[in-house]
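Enquirer: Please see the structure below; I have some questions.
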Amino acid sequence: MVLDTNTLLTIFAGGMVVAILLGVHTEWKVYRLLKGKSGKSLEEVIIRNASDIEKFRKFRKELEVYLESVEKRLCKSVRGIGTVRFNPFKGTGEGGNQSFATAFLDEKENGVILSTLYTRERVGIYAKPLKNGKSEYELTEEEKHALREAKEKLRS
């Protein structure tokens, strides 16, 4: 295929028109970007934005450190509590369910079970430490029930 001079000139002229239109379009976009502003004020805006971005990065880093410390403290806080009221003297029926067992657990199931035995003459208070959801001391049925309730609340 042979191209004559007229065809080549037409292609060249069309290319020039497209290049001129792209240049005018670019000039128009730059004009709109800088309209009413000097190059100096645009530079100030860019510097201010860069400074703001750096401040946000510093704030984010501080926030991450803070959230890590909150997470560590939260792991050690009481998250599951279970309480069971009972009457240790079931035969008499007097006094009602004044005794109780309450289990306090953190996220790792460490904590304590507090129990009371209520009688007319006195109130006994007992504490049994918990490690990984178990106690080295024998637990009563009421204490086991309170521990189960606390574990269920941890999972929910």
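Enquirer: For the range 123-130, check the following and say yes or no: at least one residue is part of a helix (DSSP H, G or I) and more than 23 Å from LYS153 (Cα to Cα).
Expert: We begin by selecting, within the range 123-130, every residue part of a helix (DSSP H, G or I); these are none.
No, the conditions are met nowhere in the range 123-130.
Enquirer: Could you list all residues from the range 57-90 that are part of a strand (DSSP E or B) and in contact with a Leu (Cβ under 9 Å, 6 or more places away or on another chain)?
Expert: At the first step, the residues of the range 57-90 found to be part of a strand (DSSP E or B) are 80-86.
If the condition is that a residue be part of a strand (DSSP E or B) and in contact with a Leu (Cβ under 9 Å, 6 or more places away or on another chain), then GLY80, ILE81, GLY82 are the ones that fit.
Enquirer: Is it the case, given these coordinates, that LYS144 is assigned to a loop (DSSP other than H, G, I, E, B) and surrounded by 11 or more Cβ atoms within 10 Å (Cβ to Cβ)?
Expert: Values: assigned to a loop (DSSP other than H, G, I, E, B): no; surrounded by 11 or more Cβ atoms within 10 Å (Cβ to Cβ): yes.
In short, no.
Enquirer: Checking the condition acidic (Asp, Glu) and surrounded by 17 or more Cβ atoms within 10 Å (Cβ to Cβ), which residue from GLU121, GLU109, GLU136 passes? I'd like the intermediate steps shown before the answer.
Expert: Working: GLU121 fails: surrounded by 17 or more Cβ atoms within 10 Å (Cβ to Cβ); GLU136 fails: surrounded by 17 or more Cβ atoms within 10 Å (Cβ to Cβ).
Answer to the check: GLU109.
Enquirer: Could you figure out which of (1) under 43 Å from the mean Cα position of the chain (by Cα); (2) in a loop (DSSP other than H, G, I, E, B) isn't true of GLU54?
Expert: The one condition GLU54 does not meet is (2).
Enquirer: Any chance you could count how many residues in the range 20-51 are under 33 Å from the mean Cα position of the chain (by Cα) and of a type in the set (Val, Ile, Thr)? Let's see the steps before the verdict.
Expert: Here is the first cut: in the range 20-51, the ones under 33 Å from the mean Cα position of the chain (by Cα) are 46-51.
Then keep just the ones that are of a type in the set (Val, Ile, Thr); that gives 46-47.
The number of residues fulfilling the criteria is 2.
No value in this document is a laboratory result; all are computed from the given coordinates. Values in this document were obtained by computation on a predicted structure and should not be read as measured data. Positions of Cβ are generated from backbone atoms using ideal geometry, with glycine treated the same way; all protein chains shown enter the neighbour counts.
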